[in-house]
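Asker: Handing you a structure now.
The values are calculated or read from the model by the stated rules, or taken from the named source; none is laboratory data. All of these numbers come straight from a predicted model, not from anything done at the bench. Cβ sites come from the backbone with ideal geometry, for glycine too, and all protein chains shown count toward neighbours. Accessible surface areas use protein heavy atoms only, side chains included; no ligands, DNA or RNA. Shrake-Rupley method; radii C 1.70, N 1.55, O 1.52, S 1.80 Å.
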Amino acid sequence: MSLSVDVYVPRAEGGIEVLDVPPESSDVAGWERWRTEVWGSEPVRSLGARFFPRLATEDLTVAPDEVSDFLAECDLLRTHLARIADHMTAEAEAGTGSRKSHAEHADDVSRRLDNIVNAARRALGIGGGVIIW
């Protein structure tokens, strides 16, 4: 099973409305196991990330007024992509993660971050929020 990233808008009567993913976009945010292996991992937490680590225990809902901060956190993770890929490679060598090369892990995370950033920018443009579930 995969994690998905979507844009939502708050409803006036309460709750949210999840918007359709545009045809040129992807909603893939990683595998379900990435909740703890990547987004909630020690390397991500040690960077001071406050959004992504929540995925280790729950779905992540980013409120409309938090989207700019969330985009900054995405940039932070991208800056430390090699460190995250190091962790994924070590997990694979220990037999608990996906057996891919360091470059493949880095590319996988980068592509998922691209999808997440794309959704966050769409949300920012309409005053919406982001949900990863």
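Asker: Only residues that are in contact (Cβ under 8 Å) with a residue 12 or more places away in the chain, out of contact with any Asp or Glu (no Cβ under 7 Å at 6 or more places or on another chain), charged (D, E, K, R) and more than 20 Å from residue 121 (Cβ to Cβ): list them for the stretch 34-67, please.
Answerer: 35, 42, 54, 59
Asker: Pairs please, first residue from the stretch 112-123 and among the small types (Gly, Ala, Ser), second anywhere and open to solvent by 30 Å² or more (accessible area, probe 1.4 Å), Cβ atoms under 9 Å, 6+ apart in sequence or on different chains.
Answerer: Cβ pairs passing all conditions: 119/21; 119/27; 120/68; 123/9; 123/19; 123/64.
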